[in-house]
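Structure first, commentary second.
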Amino acid sequence: MSGCKSINFYFVGSVDYDRWLSMQDRLVANARDHDVGQISLLFCEHPRLITIGRSGSRGDIQLDDGALRQRQTAIRWVCRGGPSIIHGPGQLAIYPIARLEPLAWSVGQFMTRFHRGILAALQKSNVKTETHATSHHVWGRGGILSAMGVAVRHGVVHHGAFLNVNPPMRDYSLVESANSANLPPATKLSMTCLLAEGHRPARMTTMRSTLVESLATAFECDNYFLQTNHPLLHSSTT
């Protein structure tokens, strides 16, 4: 039988990025070894840092190494698609872990569903959005609201999407996301957030709840479970 049998949603709070990478490696290995047609989706926030994906470069970052050290902002080069992205409190990281073979989906089909779920959640929140046929990012009026960068290893989708809910936007000018050759030249590459777009309080808890419903619908799975922690957080190495 193909398709999504169930989804486990995990709300894991604030997680150090290097600790997350260690945990993600174990989750990918576990998914590789179990053919169950199940998706795990983890929601978390990270302390401030900048990650550079395969379409990004050091030139995207507006400060030199000394200035970054003064701001206590680290850089990590990561093996995912997508641009350079700044992370921090107030940004919701959405990480899927899913083995594609039992789902009978291609990478493109999974990405389309993932993107559709995030877009639907924003539309339910009455946020005006814009998309482009050649990208899985989501734009608001002021720039990118949700940036996506995933990878596939051993047939398992990992890394994810990053939705700016209510971060301190003064930090987000540090990174000008790399332009993709597939995007229109006029596309806004700066970042914005739900708070700035809506001019009203944007609650992380409300956005998570909306995403759960929209992602479950996008992955065509009525059988889902909510958990407030993950056992690997207590055993993954730092």
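Read-outs throughout are calculated quantities, based only on the coordinates presented, and are distinct from any laboratory measurement. Just so we're clear, the structure is a prediction, and the values are computed from it rather than from any experiment. Please note: Cβ atoms are built from the backbone with ideal geometry, for glycine as well, and neighbour counts cover all protein chains shown.
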Asserting the computed 222 nm helical MRE of the chain (DSSP H runs at least 4 long, -39500 (n - 2.57) per run, divided by residue count, to nearest 500) equals -8000 deg cm²/dmol
Partnerless cysteines (no other Cys beta carbon under 4.7 Å) identified across the chain are C44, C79, C193
If one builds a Gaussian network model of the chain from Cα atoms under 10 Å apart, the most fluctuating residue listed among L103, L226, L92 is L226
Fewest to most Cβ atoms within 10 Å: H34, H46 sort as H34, H46
Fewest to most Cβ atoms within 10 Å: S106, S55 sort as S106, S55
Counting only DSSP beta bridges with both partners in the chain, the antiparallel fraction in percent, to the nearest 5, comes to 65
To the nearest 20 debye, region 6-234 has a Cα-centred charge dipole, built from +1 on Lys and Arg Cβ and -1 on Asp and Glu Cβ, of 340
The computed P(r) of the chain puts the percent of Cα pairs beyond 28 Å at 27
Checking rank on 162-168, 3-9, with mean other Cβ inside 10 Å and highest first, the result is 162-168, 3-9
Quick note on R76, R200, ordering by fewest other C-beta atoms within 10 Å, gives R200, R76
